[in-house]
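> Mind looking over this structure? Questions follow.
The values are calculated or read from the model by the stated rules, or taken from the named source; none is laboratory data. Owing to the predicted nature of the structure, the values given are computational and were not obtained by experimental measurement. Cβ placement follows ideal geometry from the backbone for every residue including glycine, while neighbour counts extend to all protein chains displayed.
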Amino acid sequence: MNKKIIAIIAVVIVVVVAVFGIRCINKNKAKTNVTQDSVNGSLSEIMDKLYAGIPEDELPMLEKTEVTPENVEYYLGTTEIDYKEALASEPMMTSIAHSVVLVRTKEGANTKEIAQKIKNSVNPRKWICVGVEDDEVKVETKGNLIVLVMLTENGDKVVDNFNNL
């Protein structure tokens, strides 16, 4: 009789420890995911947040374009980066120096290293007849996101919005 009670108590203890152990593991995984993917949402949703607080009359008519292997060099200055996805926001009229590009890096990628490569490679005079000054080229990171901002006006506001995500 005593052996049965001891066995039942042992089983209950094992089950309780297992349940709490799994909960702790899941909580740690959730914290890790928040750190790795610190900014949730689609790149399009995040891009909209970057322009928050900037009056429409201070922005050109913008178009969002997916960054692909075919156009990555135009938007980021290099084909030598490994990323998960990227989205560019540029004017429909290309004679305006305005480019905001969001890059989501792959899991485990060195985001800061990729950001530096973009900063060193991007062409601030890629548009016809216009360009931005070197100090108007800003590259920031947050979690697994990189933002490249090349604007003559409101660049600091876009960067502030990114840093406050």
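Residues are listed down the side, and each one gets a yes or a no for (1) charged (D, E, K, R); (2) at pLDDT 95 or above; (3) touching a Pro at 6+ places or on another chain (Cβ under 9 Å); (4) closer than 29 Å to K138 by Cα:
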residue: I6; (1), (2), (3), (4): no, no, no, no
residue: I13; (1), (2), (3), (4): no, no, no, no
residue: F20; (1), (2), (3), (4): no, no, no, no
residue: N28; (1), (2), (3), (4): no, no, no, no
residue: S38; (1), (2), (3), (4): no, no, no, yes
residue: L43; (1), (2), (3), (4): no, yes, no, yes
residue: M61; (1), (2), (3), (4): no, no, yes, yes
residue: E85; (1), (2), (3), (4): yes, yes, no, yes
residue: M92; (1), (2), (3), (4): no, no, yes, yes
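> Would you be able to tell me the number of residues in the stretch 117-165 that are hydroxyl-bearing (S, T, Y) and at pLDDT below 95? Break it down into steps so the answer makes sense when it comes.
Going residue by residue through the stretch 117-165, those that are hydroxyl-bearing (S, T, Y) are 121, 141, 152.
From what is left, the residues that are at pLDDT below 95 are 152.
Number of matching residues: 1.
> I've got another one for you. Output the number of the condition that Q116 fails; it satisfies all remaining conditions of (1) assigned to a helix (DSSP H, G or I); (2) polar (S, T, N, Q); (3) without any contact (Cβ under 8 Å) to a residue 12 or more places away in the chain.
Only one criterion in (1) assigned to a helix (DSSP H, G or I); (2) polar (S, T, N, Q); (3) without any contact (Cβ under 8 Å) to a residue 12 or more places away in the chain is unmet by Q116, namely (3).
> Among the residues of the stretch 75-97, which ones are in contact with a helix residue (DSSP H, G or I) (Cβ under 9 Å, 6 or more places away or on another chain) and of a type outside the set (A, V, I, L, M)?
Our first condition is that a residue be in contact with a helix residue (DSSP H, G or I) (Cβ under 9 Å, 6 or more places away or on another chain); within the stretch 75-97, this holds for 76-83, 85-90, 97.
Residues satisfying the conditions are G77, T78, T79, E80, D82, Y83, E85, S89, E90.
> It is to be established whether one or more residues within the stretch 137-149 are farther than 26 Å from D82 by Cβ, touching a helix residue (DSSP H, G or I) at 6+ places or on another chain (Cβ under 9 Å) and hydroxyl-bearing (S, T, Y).
Taking the stretch 137-149 as the starting set, the residues that turn out to be farther than 26 Å from D82 by Cβ are none.
Checking the stretch 137-149: not a single residue is farther than 26 Å from D82 by Cβ, touching a helix residue (DSSP H, G or I) at 6+ places or on another chain (Cβ under 9 Å) and hydroxyl-bearing (S, T, Y).
> May I ask you to say which residue of V130, V103, V139 is within 23 Å of L62 (Cβ to Cβ) and surrounded by fewer than 16 Cβ atoms within 10 Å (Cβ to Cβ)? Spell out how you get there, then give the answer.
On the way: V103 fails: surrounded by fewer than 16 Cβ atoms within 10 Å (Cβ to Cβ); V139 fails: surrounded by fewer than 16 Cβ atoms within 10 Å (Cβ to Cβ).
None of the other options fit; the residue is V130.
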